[in-house]
Amino acid sequence: MKLRHLFTVITAATCILFQAALYADQPGGSDTNMSAHEFIGKIGTAYASKPEKFGLDVSLNYLYEIDPFFAFGGEIGVFWINWNQKLGVRQVGLLVADVVTDSNAYTVPMFFNVQIRLPLFPQLRLEPSINGGLGYAVMLLNYSRPAYIEAFTNRYYNRKNSLLAYGGFAWQGFLSLAFRPAERSRICFTLDIGYRGLYPNRDNISFNMSGVIARFGITIYL
C-alpha cells in the first residue's frame, strides 16, 4: 500500500473515532470510568542502530487499569525496515554501475508493559504516563543479491535470496501523553516518545535494532 493511501485510511479512521467520541459525551452516552479494559492501536517510526535507519513501527496493545494510577498489559508489534548496501560494481555497456543488496528486516517485539499514570491535568483531559516493558523479539531478515560479474576482478557471483530468523531479549521505556476529546468519551489519543532495546541473535550473529521510538495511538475503552 502506498504511503498516501495509508495516510488516507488513518485520517478517515481518526475522523470517525473523533465523531464517536463527541457522541459519547452527549446525554445517554456511556460512562467510561466503569471500564478497566483498554485496547490501543499505534503507528509511528523507530530507529535501528545496526543499519542506522528509521523504519515503520505498528503495534497492538492491551492495558488493564488497576486504579487511576497504575495499569499493566501486553503488546505485540511489527517493526519493518528496508536498506540497501553496495556490494561491488559491474559493467553495463560502456558504464560501470553499482551492485547493491536489498535487505528487509521484519521484527516482531512482544512485551509485558507496566504504566504509571500521572493525572496532573484533568481539566484539560490530558494525562501523562511513564511506561516500561520487558519481552522478546523475533526478527525475520530477508536478503537479496542479484547475479553479476564484478567489473574489476571479472568474478561471477550467483543470485542469492535468503530468509533467516533471529530472536532475543527486548525492553522499552517511553513517556506517553493521552488526550481524551470529551469527558465521557470511550476513546482517547496518545503520543509516545522513548527508547526500545532489540537484540535479535542466532549462531553467534547478533543485530542491534535498538533506537528511539515515536508513535501516535488511539485507545478504545471497552
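Readers should treat all values here as calculations from the given coordinates under stated rules, not as data from a laboratory. Just so it is clear, the structure is predicted and the values come from calculations on it, not from any experiment. Ideal geometry is used to build each Cβ from the backbone, glycine not excepted, and the neighbour counts take in all protein chains shown.
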Counting other beta carbons within 10 Å of each Cβ, put T107, T190, T45, T153 in order, fewest first.
T153, T45, T190, T107
Residue exposure sequence - I205, I193 - by fewest surrounding Cβ within 10 Å
I205, I193
To make sure I understand the rule: partners must be aspartates and glutamates, Cα under 18 Å from the Cα of K53, and not fewer than 8 residues away in the same chain. Which ones qualify?
D102
Which three lengths, in whole Å and largest first, does region 97-138 cover when its Cα atoms are put on their principal axes?
61, 27, 10
Could you give the length gained on full extension between Q123 and R159, defined as 0.36 nm per residue of separation minus the Cα-Cα distance, in nm?
6.8 nm
